[in-house]
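Participant: Next up is a structure, given as structure tokens.
Only the coordinates and a few stated rules stand behind these numbers; no lab work does. All of these numbers come straight from a predicted model, not from anything done at the bench. Counting neighbours? That spans all protein chains shown, and the Cβs are built from the backbone with ideal geometry, glycine included.
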Amino acid sequence: MKLLLLWFLTILPSFAFGKIIFENKEIEITAAADQEKVTFIFPFKNEGSTAVKIIDVDLTCSCLSAKTDKEIYSSGEQGQLKAIFSIGSFTGIQRKSMTMISQQEGNEEIRDALLAILTIPDVITIEPELIKWKVNEDPSEKVFYMKVPHADPIKIQNVTCSRDGFKFSWKELKVGREYEIRVKPLSTASPMLGMIKIDTDCKIKKHQRKLAFFSIARSRSRR
């Protein structure tokens, strides 16, 4: 009998306190190529016997905003946390965490960790991400390769360079799909950062201009 009483006293708080249970704490979504924002919905239910107050939602990225549909949830009441991911210049697979903080009056805060996984399809890719020369290196010509994995072909309309003292040219390797952009410094005597601006006929506004970066940098000294 004593053991039964101790067991009952041990589990009593789980029945007495508010308890938020999520249907799924990890959600995966694949964005459309032209999407600017993606919404993640995390449904939950207060399965405790008392009301629960949502204190806050901690976010790990400025690309996220999140809130619940109300502040206080009674016993047995359902709700949801809505998180909005602003894509901006992100590409590839993005994993962003957040924490919902809740509390039943008179008790400690409870923190529920949630994860939003967003796959952002590539429209245009450029490799390498950065072309480098060392100071006083032979000013040889180097090449960026631009590819179009998007469903629709994309054509280059214009290419410009942000720096004087560089020769550049571009060539279509496969119609609407593959290009090369060649860059050659006239001199590598001084450190420099710059970019190649590539204007395209892409129908998606944020992909109409792509940037390819280059640098001339001093070698790191060895100690």
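Participant: Where Lys and Arg each count +1 and Asp and Glu each count -1, what net charge lies around residue 100 among other residues with Cβ under 11 Å from its Cβ?
Facilitator: -1
Participant: Another question, then. Give a residue-ordered list of calculated ³J(HN,Hα) values for the range 67-77 (Karplus: 6.51 cos²θ - 1.76 cosθ + 1.60, θ = phi - 60°; whole Hz; x for Gly, Pro).
Facilitator: Per residue, the Karplus-derived 3J(HN,Hα) values read 7, 8, 6, 7, 9, 10, 10, 6, 4, x, 7 Hz.
Participant: Per residue of the range 129-138, in order, report the coupling 6.51 cos²θ - 1.76 cosθ + 1.60 (Karplus, θ = phi - 60°) as ³J(HN,Hα) in whole Hz, putting x for Gly and Pro.
Facilitator: Whole-Hz 3J(HN,Hα) from phi for the range 129-138: 5, 8, 9, 10, 10, 8, 4, 6, 6, 4.
Participant: Which one, 48, 80, 27, projects farthest toward the positive side of the charge dipole computed for the chain from Cβ point charges (K/R +1, D/E -1)?
Facilitator: Checked the options; the winner is 27.
Participant: Looking at the range 20-120, I'd like the Rg to Rh ratio, where Rg is from alpha-carbon atoms and Rh is Kirkwood's inverse mean 1/r.
Facilitator: Using only Cα positions, Rg/Rh for the range 20-120 is 1.02.
Participant: If you don't mind, another one. Let's see if you can work this out: charge +1 on each Lys and Arg Cβ, -1 on each Asp and Glu Cβ, no other charges. What is the dipole magnitude of the chain about its Cα centre, in debye to the nearest 20?
Facilitator: It comes to approximately 1160 debye.
Participant: Another question about this same structure. Say we join alpha carbon atoms closer than 10 Å with springs in a Gaussian network model of the chain; which of 49, 65, 86 then has the biggest fluctuation?
Facilitator: Comparing 49, 65, 86 in a Gaussian network model of the chain, the most mobile one is 49.
Participant: If you take the charge dipole of the chain about its Cα centre, with +1 on Lys and Arg Cβ and -1 on Asp and Glu Cβ, which of 89, 208, 156 is farthest toward its positive end?
Facilitator: 156
Participant: On a 26 Å Cα-Cα criterion, which of the cross-link pairs 147/203; 167/205; 132/197; 45/96 come out too long?
Facilitator: Result: 167/205 exceed 26 Å.
Participant: Quick one: give the max-minus-min coordinate of the C-alpha atoms of the range 118-223 along each principal axis, largest first, in Å.
Facilitator: Taking max minus min along each principal axis of the Cα atoms, the range 118-223 gives 49, 32, 21 Å.
Participant: Something else now. Straight-line reach from residue 19: which aspartates and glutamates have a Cα under 13 Å away, not including same-chain ones fewer than 8 places off?
Facilitator: Cross-link targets: 47, 77, 105, 108, 109, 112.
Participant: Once you keep just the Cα pairs under 8 angstrom separated by 6 or more residues, what percentage relative contact order results for the chain? Write out the running numbers ahead of the final one.
Facilitator: Values: 492 pairs, mean separation 35.8, N = 223.
Dividing the mean separation by the residue count of the chain yields 16 percent.
Participant: If you don't mind, there's one more thing I want to ask. To the nearest µm²/s, what D does Stokes-Einstein give for the chain at 25 °C and 0.890 mPa s, using the Kirkwood radius over alpha carbon pairs as Rh?
Facilitator: It comes out at roughly 112 µm²/s.
Participant: Summing Lys, Arg as +1 and Asp, Glu as -1, what charge do residues with Cβ under 15 Å from the Cβ of residue 177 carry, residue 177 excluded?
Facilitator: -2
Participant: When the helices in the chain are scored as -39500 (n - 2.57) per DSSP H run of 4 or longer and the sum is shared across all residues, what 222 nm value do you end up with, to the nearest 500 deg cm²/dmol?
Facilitator: Mean residue ellipticity, 222 nm, calculated: -2000 deg cm²/dmol.
Participant: On a 0 to 90° scale, report how tilted helix 2-16 is relative to the longest principal axis of the chain, with both axes built from alpha carbons and the result rounded to the nearest 10.
Facilitator: 50
Participant: Around residue 88, under 9 Å between beta carbons, what's the net of Lys plus Arg minus Asp minus Glu among the other residues?
Facilitator: 0
Participant: Once amide H atoms are built 1.01 Å from N in the peptide plane, which residues 5 or more positions from residue 48, or in another chain, come under 5 Å H to H?
Facilitator: Result for residue 48 returns 19, 76.
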